[in-house]
Structures are given as structure tokens and as C-alpha cells.
Amino acid sequence: MLKILSFVEEINSDTKKKHIRAEISVASSSELVTETENYVFEEASVAWNISTGKIYGLTGGSWVEQ
């Protein structure tokens, strides 16, 4: 389950989805996405994979293991 732990909203003209720089947690790396129904994750978002303890950073539209 992907959970947004905190976020900062980014300014964007797209009013349908909020563009955010977020800290998220996931149960599996297969849950790492760049957008959800309501949000688009921006560069410098951070994800924690709870099952492995690995940390990922979002850059260039891809999640990169740190």
C-alpha cells in the first residue's frame, strides 16, 4: 500500500491533479509510481520500501535506489 507521509505542493497549471514533492512509503517496490489518481510526484520525492528498508529518490521521471 502506497502511503503519502508528507508533501509540499508545487505550483502547476494542471488543476486536476496536485503536483507534489512527497515522502511516501510502499510495501513493495512494485508500488513505486510517479502519479496517482489525485497526485503527480515531482522530482526530489522520496520513497521508503518498508519490506526491504531501501530508500528511493525520484529523478528524471524514474525512482532511483539511493
Any chance Val33 is among the aliphatic types (A, V, I, L, M), outside any strand (DSSP E or B) and surrounded by 12 or more Cβ atoms within 10 Å (Cβ to Cβ)
yes
Does segment 1-30 hold any residues that are part of a loop (DSSP other than H, G, I, E, B) and either over 22 Å from Thr52 (Cα atoms) or touching a Gly at 6+ places or on another chain (Cβ under 8 Å) (or both), and which are they?
Ile11, Asn12, Ser13, Asp14, Thr15, Lys16, Lys17
Among the residues of segment 22-61, write down those that are touching a residue at least 24 places away in the same chain (Cβ under 8 Å), closer than 18 Å to Phe7 by Cα and hydroxyl-bearing (Ser, Thr, Tyr).
Ser25, Thr34, Thr36, Tyr39, Ser45, Tyr56
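So, in segment 49-66, of the ones that are small (Gly, Ala, Ser) and either loosely packed, with under 13 Cβ neighbours inside 10 Å or touching a Cys at 6+ places or on another chain (Cβ under 9 Å) (or both), which residue ends up farthest from Val8 (Cα to Cα)? Before the answer, list the steps.
Taking segment 49-66 first, the residues small (Gly, Ala, Ser) are 51, 53, 57, 60-62.
Checking which are either loosely packed, with under 13 Cβ neighbours inside 10 Å or touching a Cys at 6+ places or on another chain (Cβ under 9 Å) (or both) leaves us with 51, 53, 60-62.
Details: Ser51: 25, Gly53: 23, Gly60: 18, Gly61: 18, Ser62: 19 Å.
Ranking the candidates gives Ser51 first.
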Out of the residues in segment 37-48 meeting the condition of being surrounded by 15 or more Cβ atoms within 10 Å (Cβ to Cβ) and not in a strand (DSSP E or B), tell me which one is modelled with the highest pLDDT.
Ser45
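The values are calculated or read from the model by the stated rules, or taken from the named source; none is laboratory data. Not measured: the values here are computed from a predicted model. Cβ: placed from backbone, ideal geometry, glycine included. Neighbour counts: every protein chain shown.
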